[in-house]
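What follows is a short report on a single structure.
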Amino acid sequence: MKQIIYRMAVLGMAFCTTACFDAEDENFRTLEPISFNEVSATIDVSLGEELVYDKLQVESELPVTYEWAYGKPKASSKDEYAMESIEVISDKADIRHTFNRVGTYLLRLKVDNGESIVYKYFTLNVNSGLDEGILILSNDAEGDGALTFIKKRTEDEIAANEQEIYPDIFASINPDNPLKKGTAMYISDYTSKEIQYTSLLVATADENGTIYKLNPKTLELYAVNRLGETYGASCVEFAGEAASSAAYYVLMRGDNGHTYRYDLFADITGERPDATAAGLVTHATTLVYRTSATAKPSRKPLLYNATTLFQPGSGKVTSRSLAGYDIVNLCSASLKNLTYVLFRSQTDPKSYCIKSTTGTLAAFKDVTTFTADAVNMDENSIMVNSKNSSDVYYSYDNKIYRWSLTSAPPATSKLPLPDGEIIRSMATNFMGTFGDDTQETLLYVATYNPERKGEKKGSLYIFRFSDDTLVKQYEGICDDPVQVMYKYRIS
(Lines give C-alpha, C1' and ligand atoms only; values in the text may rest on other atoms or scores of the structure.)
Protein backbone atom coordinates (compact mmCIF):
# COMPACT_ATOMS: atom_id res chain seq x y z
CA MET A 1 0.00 0.00 0.00
CA LYS A 2 2.82 2.35 0.91
CA GLN A 3 4.48 1.68 -2.46
CA ILE A 4 1.25 2.59 -4.31
CA ILE A 5 0.96 5.88 -2.42
CA TYR A 6 4.61 6.64 -3.10
CA ARG A 7 4.24 5.99 -6.86
CA MET A 8 1.13 8.19 -7.04
CA ALA A 9 3.00 11.06 -5.28
CA VAL A 10 5.90 10.82 -7.74
CA LEU A 11 3.51 10.83 -10.71
CA GLY A 12 1.72 13.86 -9.24
CA MET A 13 4.98 15.77 -8.83
CA ALA A 14 5.99 14.94 -12.39
CA PHE A 15 2.63 16.17 -13.71
CA CYS A 16 2.90 19.46 -11.78
CA THR A 17 6.44 20.02 -13.00
CA THR A 18 5.37 19.45 -16.61
CA ALA A 19 2.45 21.82 -16.17
CA CYS A 20 4.77 24.51 -14.86
CA PHE A 21 7.09 24.15 -17.81
CA ASP A 22 4.11 24.44 -20.17
CA ALA A 23 2.95 27.57 -18.31
CA GLU A 24 6.27 29.28 -18.86
CA ASP A 25 5.88 28.81 -22.60
CA GLU A 26 2.54 30.67 -22.71
CA ASN A 27 2.38 34.42 -23.43
CA PHE A 28 0.44 36.01 -20.58
CA ARG A 29 -1.08 39.50 -21.04
CA THR A 30 0.59 42.20 -18.93
CA LEU A 31 -1.63 43.54 -16.16
CA GLU A 32 -3.11 46.93 -16.95
CA PRO A 33 -0.98 49.57 -15.13
CA ILE A 34 -2.11 52.62 -13.14
CA SER A 35 -0.14 55.86 -13.08
CA PHE A 36 -0.45 59.37 -11.60
CA ASN A 37 0.54 62.88 -12.58
CA GLU A 38 3.15 64.80 -10.55
CA VAL A 39 1.66 66.62 -7.54
CA SER A 40 2.93 67.90 -4.19
CA ALA A 41 3.33 65.25 -1.50
CA THR A 42 1.92 67.65 1.13
CA ILE A 43 -1.67 68.86 1.39
CA ASP A 44 -2.63 71.71 3.73
CA VAL A 45 -6.15 72.48 4.94
CA SER A 46 -7.46 74.74 7.69
CA LEU A 47 -9.39 73.30 10.60
CA GLY A 48 -13.15 73.45 9.99
CA GLU A 49 -12.80 74.29 6.29
CA GLU A 50 -13.79 71.79 3.61
CA LEU A 51 -10.85 70.26 1.78
CA VAL A 52 -11.58 70.16 -1.95
CA TYR A 53 -8.75 68.27 -3.61
CA ASP A 54 -8.88 67.41 -7.31
CA LYS A 55 -5.28 67.93 -8.44
CA LEU A 56 -4.38 64.25 -8.76
CA GLN A 57 -5.08 62.69 -12.16
CA VAL A 58 -5.23 58.90 -12.50
CA GLU A 59 -4.34 57.24 -15.80
CA SER A 60 -5.69 53.76 -16.57
CA GLU A 61 -7.15 52.08 -19.68
CA LEU A 62 -9.68 50.27 -17.47
CA PRO A 63 -12.31 51.81 -15.17
CA VAL A 64 -11.02 52.41 -11.66
CA THR A 65 -12.41 52.61 -8.13
CA TYR A 66 -11.07 54.98 -5.47
CA GLU A 67 -10.65 54.91 -1.71
CA TRP A 68 -9.32 57.97 0.14
CA ALA A 69 -8.45 57.32 3.79
CA TYR A 70 -6.40 58.99 6.49
CA GLY A 71 -4.98 58.31 9.96
CA LYS A 72 -2.31 59.24 12.49
CA PRO A 73 1.20 57.96 11.68
CA LYS A 74 2.21 55.02 13.82
CA ALA A 75 5.27 56.37 15.59
CA SER A 76 6.59 53.00 16.83
CA SER A 77 6.50 51.33 13.40
CA LYS A 78 9.45 50.99 11.03
CA ASP A 79 6.97 51.26 8.15
CA GLU A 80 6.76 54.97 7.29
CA TYR A 81 3.23 54.45 5.93
CA ALA A 82 1.82 52.60 8.94
CA MET A 83 -1.20 54.26 10.58
CA GLU A 84 -2.68 53.83 14.05
CA SER A 85 -6.20 53.72 12.60
CA ILE A 86 -7.70 54.35 9.16
CA GLU A 87 -10.82 56.37 8.36
CA VAL A 88 -12.24 56.29 4.83
CA ILE A 89 -13.43 59.74 3.71
CA SER A 90 -14.18 59.40 -0.02
CA ASP A 91 -14.77 56.85 -2.78
CA LYS A 92 -14.60 59.45 -5.55
CA ALA A 93 -11.72 60.70 -7.68
CA ASP A 94 -11.56 63.87 -5.60
CA ILE A 95 -11.91 64.71 -1.90
CA ARG A 96 -14.57 66.88 -0.30
CA HIS A 97 -14.18 66.52 3.42
CA THR A 98 -14.06 68.74 6.54
CA PHE A 99 -11.56 67.78 9.23
CA ASN A 100 -12.34 68.57 12.86
CA ARG A 101 -9.01 67.94 14.59
CA VAL A 102 -5.70 69.77 14.20
CA GLY A 103 -2.66 67.63 13.43
CA THR A 104 -0.43 65.98 10.86
CA TYR A 105 -1.78 62.81 9.26
CA LEU A 106 -1.06 60.28 6.53
CA LEU A 107 -3.51 60.51 3.63
CA ARG A 108 -3.77 57.39 1.47
CA LEU A 109 -5.37 56.86 -1.93
CA LYS A 110 -6.09 53.30 -3.05
CA VAL A 111 -6.81 52.89 -6.78
CA ASP A 112 -8.07 49.58 -8.21
CA ASN A 113 -8.76 48.86 -11.90
CA GLY A 114 -9.59 45.18 -11.49
CA GLU A 115 -6.12 44.05 -12.51
CA SER A 116 -3.79 46.34 -10.55
CA ILE A 117 -4.02 48.00 -7.14
CA VAL A 118 -1.83 51.04 -6.46
CA TYR A 119 -1.45 53.19 -3.34
CA LYS A 120 -0.36 56.81 -3.18
CA TYR A 121 0.47 58.61 0.11
CA PHE A 122 0.42 62.26 1.15
CA THR A 123 1.28 64.23 4.27
CA LEU A 124 -1.93 65.95 5.37
CA ASN A 125 -1.60 69.02 7.59
CA VAL A 126 -4.84 70.07 9.27
CA ASN A 127 -3.86 73.56 10.38
CA SER A 128 -5.10 75.69 13.23
CA GLY A 129 -3.52 78.73 11.57
CA LEU A 130 -0.83 78.91 14.27
CA ASP A 131 0.84 75.56 13.74
CA GLU A 132 4.42 76.52 13.00
CA GLY A 133 6.55 79.63 13.37
CA ILE A 134 8.77 81.62 15.70
CA LEU A 135 7.82 82.63 19.25
CA ILE A 136 9.47 85.52 21.10
CA LEU A 137 8.72 86.02 24.80
CA SER A 138 9.38 89.63 25.82
CA ASN A 139 8.65 92.19 28.55
CA ASP A 140 8.25 95.95 28.41
CA ALA A 141 9.73 98.43 30.91
CA GLU A 142 6.76 97.95 33.29
CA GLY A 143 7.08 94.14 33.22
CA ASP A 144 4.07 93.52 31.00
CA GLY A 145 4.83 90.41 28.98
CA ALA A 146 3.95 89.51 25.39
CA LEU A 147 4.28 86.49 23.13
CA THR A 148 5.08 87.57 19.58
CA PHE A 149 4.43 84.99 16.87
CA ILE A 150 5.97 85.03 13.38
CA LYS A 151 3.93 82.56 11.38
CA LYS A 152 5.39 80.18 8.82
CA ARG A 153 3.03 80.82 5.94
CA THR A 154 2.11 78.49 3.12
CA GLU A 155 2.79 79.53 -0.47
CA ASP A 156 -0.88 80.41 -0.91
CA GLU A 157 -0.82 82.55 2.26
CA ILE A 158 2.28 84.38 1.07
CA ALA A 159 0.69 85.01 -2.33
CA ALA A 160 -2.42 86.36 -0.61
CA ASN A 161 -0.25 88.52 1.69
CA GLU A 162 -1.90 87.06 4.78
CA GLN A 163 -0.77 88.14 8.25
CA GLU A 164 2.71 86.98 9.23
CA ILE A 165 3.52 88.78 12.51
CA TYR A 166 1.19 88.62 15.53
CA PRO A 167 2.47 91.17 18.10
CA ASP A 168 0.97 89.38 21.13
CA ILE A 169 -0.66 86.07 20.33
CA PHE A 170 -0.98 85.19 24.03
CA ALA A 171 -3.20 88.18 24.80
CA SER A 172 -5.21 87.70 21.59
CA ILE A 173 -6.16 84.11 22.41
CA ASN A 174 -6.16 84.26 26.22
CA PRO A 175 -7.30 87.82 27.05
CA ASP A 176 -8.37 87.00 30.62
CA ASN A 177 -4.92 85.86 31.74
CA PRO A 178 -2.30 88.61 32.14
CA LEU A 179 1.27 87.73 31.20
CA LYS A 180 3.63 89.55 33.57
CA LYS A 181 7.43 89.29 33.80
CA GLY A 182 7.89 86.35 31.44
CA THR A 183 11.03 84.31 32.16
CA ALA A 184 11.15 81.14 30.02
CA MET A 185 9.39 78.82 27.56
CA TYR A 186 9.47 75.08 26.87
CA ILE A 187 7.73 72.94 24.24
CA SER A 188 7.17 69.17 24.35
CA ASP A 189 5.71 66.75 21.80
CA TYR A 190 6.22 63.51 23.72
CA THR A 191 3.76 60.62 23.40
CA SER A 192 4.02 57.36 25.35
CA LYS A 193 1.55 54.47 25.42
CA GLU A 194 -1.01 56.60 23.56
CA ILE A 195 -0.80 59.35 26.19
CA GLN A 196 0.11 62.73 24.72
CA TYR A 197 2.21 65.10 26.80
CA THR A 198 2.22 67.85 24.17
CA SER A 199 2.58 71.20 25.92
CA LEU A 200 3.91 74.71 25.59
CA LEU A 201 4.96 76.06 28.99
CA VAL A 202 5.40 79.80 29.60
CA ALA A 203 6.90 80.73 32.99
CA THR A 204 6.73 84.09 34.72
CA ALA A 205 8.23 85.85 37.74
CA ASP A 206 4.96 87.55 38.68
CA GLU A 207 3.79 87.69 42.32
CA ASN A 208 2.54 84.07 42.08
CA GLY A 209 5.35 82.54 40.02
CA THR A 210 2.67 81.65 37.45
CA ILE A 211 3.34 79.00 34.81
CA TYR A 212 0.94 78.86 31.88
CA LYS A 213 0.44 75.61 29.98
CA LEU A 214 -0.76 76.20 26.41
CA ASN A 215 -2.00 73.92 23.67
CA PRO A 216 1.05 73.91 21.37
CA LYS A 217 -1.16 73.60 18.28
CA THR A 218 -3.58 76.46 18.96
CA LEU A 219 -1.92 78.41 21.83
CA GLU A 220 -5.10 78.13 23.87
CA LEU A 221 -4.70 77.90 27.64
CA TYR A 222 -4.65 74.36 29.06
CA ALA A 223 -3.81 74.98 32.71
CA VAL A 224 -2.40 77.52 35.18
CA ASN A 225 0.12 76.58 37.85
CA ARG A 226 1.41 78.92 40.56
CA LEU A 227 4.82 77.86 41.81
CA GLY A 228 5.04 80.88 44.12
CA GLU A 229 1.95 80.00 46.13
CA THR A 230 3.34 76.60 47.14
CA TYR A 231 7.09 77.11 47.15
CA GLY A 232 7.62 80.87 47.21
CA ALA A 233 9.63 80.64 44.00
CA SER A 234 9.37 81.27 40.27
CA CYS A 235 10.81 79.34 37.34
CA VAL A 236 13.92 80.95 35.85
CA GLU A 237 14.87 78.24 33.35
CA PHE A 238 13.43 75.01 32.01
CA ALA A 239 15.66 71.98 31.63
CA GLY A 240 14.86 68.85 29.65
CA GLU A 241 12.26 66.13 30.03
CA ALA A 242 12.48 63.12 32.30
CA ALA A 243 10.25 60.18 33.19
CA SER A 244 9.44 58.14 36.26
CA SER A 245 7.16 55.16 36.71
CA ALA A 246 4.25 57.48 37.43
CA ALA A 247 4.84 60.66 35.43
CA TYR A 248 6.47 62.47 32.57
CA TYR A 249 7.78 65.87 33.56
CA VAL A 250 9.98 68.87 32.77
CA LEU A 251 12.69 69.97 35.18
CA MET A 252 12.86 73.64 36.21
CA ARG A 253 15.37 75.84 38.01
CA GLY A 254 13.84 78.14 40.58
CA ASP A 255 15.04 81.65 41.34
CA ASN A 256 16.04 80.33 44.78
CA GLY A 257 18.45 77.74 43.38
CA HIS A 258 16.08 74.85 44.05
CA THR A 259 14.96 72.29 41.46
CA TYR A 260 11.30 71.70 40.60
CA ARG A 261 9.36 69.48 38.21
CA TYR A 262 6.24 70.12 36.16
CA ASP A 263 4.15 67.00 35.55
CA LEU A 264 2.98 67.28 31.93
CA PHE A 265 0.03 64.94 32.46
CA ALA A 266 -1.36 65.91 35.87
CA ASP A 267 -0.36 69.60 35.62
CA ILE A 268 1.11 69.66 39.10
CA THR A 269 4.46 70.97 40.29
CA GLY A 270 6.75 69.52 42.94
CA GLU A 271 10.23 70.03 44.31
CA ARG A 272 13.04 67.61 43.50
CA PRO A 273 14.66 67.53 46.96
CA ASP A 274 17.34 65.10 45.83
CA ALA A 275 18.49 67.50 43.10
CA THR A 276 18.27 70.47 45.43
CA ALA A 277 20.21 68.67 48.16
CA ALA A 278 22.95 67.82 45.67
CA GLY A 279 23.85 71.49 45.46
CA LEU A 280 22.11 74.74 44.64
CA VAL A 281 21.99 75.15 40.87
CA THR A 282 22.70 78.37 39.01
CA HIS A 283 22.07 77.08 35.49
CA ALA A 284 19.75 74.65 33.75
CA THR A 285 19.96 73.51 30.16
CA THR A 286 18.34 71.01 27.81
CA LEU A 287 20.85 68.67 26.22
CA VAL A 288 19.70 67.31 22.86
CA TYR A 289 21.26 63.95 22.04
CA ARG A 290 20.96 61.79 18.92
CA THR A 291 22.72 58.57 18.12
CA SER A 292 22.43 59.19 14.36
CA ALA A 293 21.23 61.78 11.88
CA THR A 294 17.85 60.06 11.63
CA ALA A 295 17.41 59.10 15.28
CA LYS A 296 14.68 60.69 17.33
CA PRO A 297 16.10 63.29 19.70
CA SER A 298 16.41 62.76 23.43
CA ARG A 299 16.13 65.98 25.41
CA LYS A 300 17.74 65.32 28.77
CA PRO A 301 17.87 67.80 31.64
CA LEU A 302 21.20 69.03 32.97
CA LEU A 303 21.66 71.31 35.97
CA TYR A 304 24.96 72.78 37.08
CA ASN A 305 26.71 75.36 39.19
CA ALA A 306 30.26 76.73 39.16
CA THR A 307 31.90 73.39 39.92
CA THR A 308 29.47 70.47 39.47
CA LEU A 309 27.17 68.97 36.84
CA PHE A 310 23.91 67.35 37.98
CA GLN A 311 21.93 64.88 35.83
CA PRO A 312 18.48 64.28 37.40
CA GLY A 313 17.13 60.93 36.36
CA SER A 314 14.35 58.64 37.50
CA GLY A 315 14.64 58.57 41.28
CA LYS A 316 18.24 59.71 41.51
CA VAL A 317 20.67 62.47 40.68
CA THR A 318 24.08 61.79 39.20
CA SER A 319 26.78 64.43 39.69
CA ARG A 320 30.24 64.96 38.29
CA SER A 321 32.91 67.55 39.05
CA LEU A 322 36.58 68.04 38.26
CA ALA A 323 38.75 68.72 41.29
CA GLY A 324 40.55 72.05 41.12
CA TYR A 325 38.56 73.38 38.15
CA ASP A 326 35.56 75.62 37.56
CA ILE A 327 33.03 75.14 34.77
CA VAL A 328 33.15 77.88 32.13
CA ASN A 329 30.35 76.51 29.92
CA LEU A 330 29.20 73.39 28.09
CA CYS A 331 27.17 72.07 25.16
CA SER A 332 26.06 68.69 23.84
CA ALA A 333 27.41 67.38 20.55
CA SER A 334 24.91 67.30 17.72
CA LEU A 335 25.02 63.59 16.86
CA LYS A 336 26.58 62.02 19.94
CA ASN A 337 25.44 61.12 23.40
CA LEU A 338 28.18 63.42 24.72
CA THR A 339 28.46 66.76 26.44
CA TYR A 340 31.61 68.84 26.03
CA VAL A 341 32.60 70.93 29.06
CA LEU A 342 35.14 73.76 29.15
CA PHE A 343 36.94 74.01 32.52
CA ARG A 344 39.27 76.68 33.95
CA SER A 345 41.88 75.91 36.61
CA GLN A 346 41.17 77.40 40.04
CA THR A 347 44.87 77.91 40.73
CA ASP A 348 46.03 79.00 37.27
CA PRO A 349 43.42 81.14 35.44
CA LYS A 350 45.35 80.72 32.18
CA SER A 351 45.05 76.93 32.22
CA TYR A 352 42.02 75.34 30.54
CA CYS A 353 40.87 71.86 29.61
CA ILE A 354 37.96 70.39 27.65
CA LYS A 355 36.45 67.07 28.67
CA SER A 356 33.51 65.11 27.31
CA THR A 357 31.02 63.13 29.35
CA THR A 358 28.10 60.86 28.50
CA GLY A 359 24.48 61.89 28.85
CA THR A 360 24.35 60.08 32.20
CA LEU A 361 27.61 61.69 33.37
CA ALA A 362 29.14 58.23 33.54
CA ALA A 363 32.71 59.40 32.99
CA PHE A 364 34.95 62.23 31.87
CA LYS A 365 37.14 61.78 28.82
CA ASP A 366 40.06 64.08 27.97
CA VAL A 367 39.57 66.09 24.79
CA THR A 368 42.23 68.82 24.88
CA THR A 369 44.12 71.24 27.13
CA PHE A 370 45.41 74.73 26.35
CA THR A 371 46.60 77.95 27.94
CA ALA A 372 45.26 81.43 27.22
CA ASP A 373 45.20 84.79 28.93
CA ALA A 374 41.40 84.64 28.53
CA VAL A 375 38.76 82.97 26.39
CA ASN A 376 35.84 84.53 24.60
CA MET A 377 33.31 82.61 26.65
CA ASP A 378 31.80 82.68 30.15
CA GLU A 379 28.95 81.18 32.16
CA ASN A 380 26.46 83.54 30.52
CA SER A 381 27.31 82.49 26.96
CA ILE A 382 24.25 81.08 25.17
CA MET A 383 25.02 77.78 23.38
CA VAL A 384 23.09 76.61 20.31
CA ASN A 385 23.76 73.40 18.36
CA SER A 386 22.24 71.73 15.31
CA LYS A 387 22.16 68.16 14.07
CA ASN A 388 23.27 69.44 10.66
CA SER A 389 26.59 70.73 12.00
CA SER A 390 29.28 69.50 14.37
CA ASP A 391 29.86 73.10 15.48
CA VAL A 392 27.87 75.24 17.90
CA TYR A 393 27.13 78.95 17.92
CA TYR A 394 27.51 80.85 21.18
CA SER A 395 27.33 84.41 22.42
CA TYR A 396 29.93 86.42 24.30
CA ASP A 397 30.37 90.16 24.86
CA ASN A 398 27.49 90.80 22.48
CA LYS A 399 29.11 88.89 19.62
CA ILE A 400 28.39 85.48 18.11
CA TYR A 401 31.13 82.86 17.78
CA ARG A 402 31.31 79.42 16.21
CA TRP A 403 32.99 76.67 18.25
CA SER A 404 34.01 73.15 17.23
CA LEU A 405 33.68 71.83 20.85
CA THR A 406 36.97 69.91 20.61
CA SER A 407 39.39 72.85 20.55
CA ALA A 408 39.85 76.20 22.27
CA PRO A 409 37.04 78.72 21.75
CA PRO A 410 37.72 80.96 18.72
CA ALA A 411 39.39 84.34 18.99
CA THR A 412 37.20 86.17 16.47
CA SER A 413 33.43 86.41 16.15
CA LYS A 414 31.61 84.81 13.24
CA LEU A 415 28.22 86.46 12.70
CA PRO A 416 27.75 90.22 12.40
CA LEU A 417 24.93 92.12 14.07
CA PRO A 418 23.99 95.78 13.49
CA ASP A 419 25.50 98.30 15.90
CA GLY A 420 23.55 98.78 19.09
CA GLU A 421 21.86 95.35 19.10
CA ILE A 422 22.19 93.49 22.43
CA ILE A 423 21.88 89.70 22.26
CA ARG A 424 19.14 88.39 24.55
CA SER A 425 18.42 84.87 23.29
CA MET A 426 19.39 82.38 20.56
CA ALA A 427 17.79 79.20 19.24
CA THR A 428 17.74 76.89 16.23
CA ASN A 429 14.73 75.64 14.28
CA PHE A 430 14.65 72.41 16.27
CA MET A 431 11.89 70.32 14.74
CA GLY A 432 11.04 67.97 17.57
CA THR A 433 10.57 64.22 17.50
CA PHE A 434 9.59 64.13 13.83
CA GLY A 435 12.35 66.35 12.45
CA ASP A 436 14.35 65.13 9.46
CA ASP A 437 17.74 65.86 7.89
CA THR A 438 16.50 68.92 5.99
CA GLN A 439 15.60 70.71 9.22
CA GLU A 440 17.53 72.52 11.94
CA THR A 441 19.38 74.66 9.44
CA LEU A 442 18.70 78.13 10.84
CA LEU A 443 19.88 80.18 13.82
CA TYR A 444 17.54 82.71 15.43
CA VAL A 445 19.01 85.64 17.38
CA ALA A 446 16.68 87.85 19.42
CA THR A 447 18.14 91.27 20.28
CA TYR A 448 17.31 94.49 22.12
CA ASN A 449 18.37 98.01 21.10
CA PRO A 450 17.44 100.74 23.61
CA GLU A 451 18.27 103.41 21.01
CA ARG A 452 15.96 102.03 18.35
CA LYS A 453 13.29 104.46 17.24
CA GLY A 454 9.68 103.50 17.87
CA GLU A 455 7.88 101.76 20.71
CA LYS A 456 9.26 98.25 20.06
CA LYS A 457 12.99 97.86 20.68
CA GLY A 458 13.29 94.11 20.12
CA SER A 459 14.31 92.45 16.84
CA LEU A 460 15.02 89.04 15.32
CA TYR A 461 17.88 88.10 12.99
CA ILE A 462 17.96 84.74 11.17
CA PHE A 463 21.22 83.17 9.98
CA ARG A 464 21.95 79.99 8.01
CA PHE A 465 24.10 77.37 9.76
CA SER A 466 25.80 76.12 6.60
CA ASP A 467 27.40 79.38 5.46
CA ASP A 468 26.80 81.91 8.29
CA THR A 469 24.78 84.20 6.02
CA LEU A 470 21.96 86.47 7.16
CA VAL A 471 18.70 85.07 5.76
CA LYS A 472 16.12 87.50 7.10
CA GLN A 473 15.58 90.15 9.74
CA TYR A 474 12.56 91.49 11.61
CA GLU A 475 13.39 94.76 13.32
CA GLY A 476 11.33 96.53 15.99
CA ILE A 477 8.72 93.77 16.34
CA CYS A 478 8.67 93.13 20.12
CA ASP A 479 9.66 94.47 23.52
CA ASP A 480 12.81 93.39 25.36
CA PRO A 481 13.21 89.68 24.43
CA VAL A 482 13.61 87.03 27.09
CA GLN A 483 13.60 83.92 24.90
CA VAL A 484 13.19 83.00 21.25
CA MET A 485 11.91 79.56 20.25
CA TYR A 486 10.91 77.78 17.06
CA LYS A 487 7.37 76.45 17.54
CA TYR A 488 7.51 73.41 15.32
CA ARG A 489 4.47 71.63 14.01
CA ILE A 490 3.11 69.03 16.44
CA SER A 491 1.03 66.23 14.96
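Among the residues of the range 118-170, the one identified as closer than 17 Å to I490 by Cβ and of a type in the set (F, W, Y) is F149. State whether the residues of the range 120-129 include one that is modelled with pLDDT under 85 and open to solvent by 30 Å² or more (accessible area, probe 1.4 Å). The answer is yes; a qualifying residue exists. Per the conditions (1) at pLDDT 90 or above; (2) surrounded by fewer than 18 Cβ atoms within 10 Å (Cβ to Cβ); (3) not β-branched (V, I, T), the sole criterion not satisfied by R344 is (2). Here M83 passes the criteria (1) surrounded by fewer than 18 Cβ atoms within 10 Å (Cβ to Cβ); (2) free of Cβ contacts under 8 Å to residues at least 60 places away in the same chain; (3) aliphatic (A, V, I, L, M) except the one numbered (1).
Kindly indicate whether any position in the range 175-196 is among the polar types (S, T, N, Q), surrounded by 17 or more Cβ atoms within 10 Å (Cβ to Cβ) and closer than 20 Å to L135 by Cβ. Give the steps one after another, and end with the answer.
First, pick out the residues of the range 175-196 that are among the polar types (S, T, N, Q): 177, 183, 188, 191-192, 196.
From the residues that got through so far, the ones that are surrounded by 17 or more Cβ atoms within 10 Å (Cβ to Cβ) too are 183, 188, 191.
Filter once more, so that each one left must be closer than 20 Å to L135 by Cβ: 183, 188.
Yes, the range 175-196 contains a residue that is among the polar types (S, T, N, Q), surrounded by 17 or more Cβ atoms within 10 Å (Cβ to Cβ) and closer than 20 Å to L135 by Cβ.
Scan the range 421-444 and give yes if some residue there is open to solvent by 40 Å² or more (accessible area, probe 1.4 Å), of a type in the set (K, R) and in contact (Cβ under 8 Å) with a residue 24 or more places away in the chain, otherwise no. So far as the range 421-444 goes, yes, one or more of its residues are open to solvent by 40 Å² or more (accessible area, probe 1.4 Å), of a type in the set (K, R) and in contact (Cβ under 8 Å) with a residue 24 or more places away in the chain.
Out of all the residues in the range 58-114, which are in a strand (DSSP E or B) and farther than 20 Å from A41 by Cα?
Let us first name the residues in the range 58-114 that are in a strand (DSSP E or B), namely 58-59, 65-71, 73, 83, 87-90, 95-98, 103-112.
Once the filter is applied, which keeps residues that are in a strand (DSSP E or B) and farther than 20 Å from A41 by Cα, the range 58-114 yields T65, D112.
If you filter the range 73-107 down to residues that are modelled with pLDDT of 85 or more and among the basic types (K, R), you find that the one that is farthest from E220 (Cα to Cα) is K92.
Conditions tested, residue by residue: (1) outside any strand (DSSP E or B); (2) of a type in the set (S, T, N, Q); (3) open to solvent by less than 10 Å² (accessible area, probe 1.4 Å).
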{"site": "L201", "(1), (2), (3)": "no, no, yes"}
{"site": "L219", "(1), (2), (3)": "yes, no, yes"}
{"site": "N225", "(1), (2), (3)": "no, yes, no"}
{"site": "F265", "(1), (2), (3)": "yes, no, no"}
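Residue-wise test of (1) open to solvent by less than 50 Å² (accessible area, probe 1.4 Å); (2) touching a strand residue (DSSP E or B) at 6+ places or on another chain (Cβ under 9 Å); (3) on the phi > 0 side of the Ramachandran plot; (4) not basic (K, R).
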| position | (1), (2), (3), (4) |
| --- | --- |
| L361 | yes, yes, yes, yes |
| V384 | yes, yes, no, yes |
| K399 | no, yes, no, no |
| W403 | yes, yes, no, yes |
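What number of residues within the range 405-440 satisfy the criterion of being outside any loop (DSSP other than H, G, I, E, B), at pLDDT 90 or above and farther than 16 Å from V384 by Cβ? So the count comes out to 1. Yes or no: F465 at pLDDT below 95 and open to solvent by 20 Å² or more (accessible area, probe 1.4 Å)? So F465 fails the test.
The strands (runs of 3 or more DSSP E) located wholly in the range 282-355 that include 2 or more residues which are hydroxyl-bearing (S, T, Y) occupy 283-289, 298-304, 317-321, 325-332, 338-345.
Flag: D274 does not match the condition of being over 22 Å from N380 (Cα atoms) and part of a loop (DSSP other than H, G, I, E, B).
Considering the range 142-174, the residues that are open to solvent by 30 Å² or more (accessible area, probe 1.4 Å) and polar (S, T, N, Q) include one that is nearest to the chain's Cα centre (by Cα), namely T154.
The values are calculated or read from the model by the stated rules, or taken from the named source; none is laboratory data. Computed from a predicted structure; not experimentally measured. Positions of Cβ are backbone-derived with ideal geometry, glycine not excepted, and every protein chain shown enters the neighbour counts. All accessible areas refer to the heavy atoms of the entire protein, side chains included, with ligands and DNA or RNA removed. Shrake-Rupley method; radii C 1.70, N 1.55, O 1.52, S 1.80 Å.
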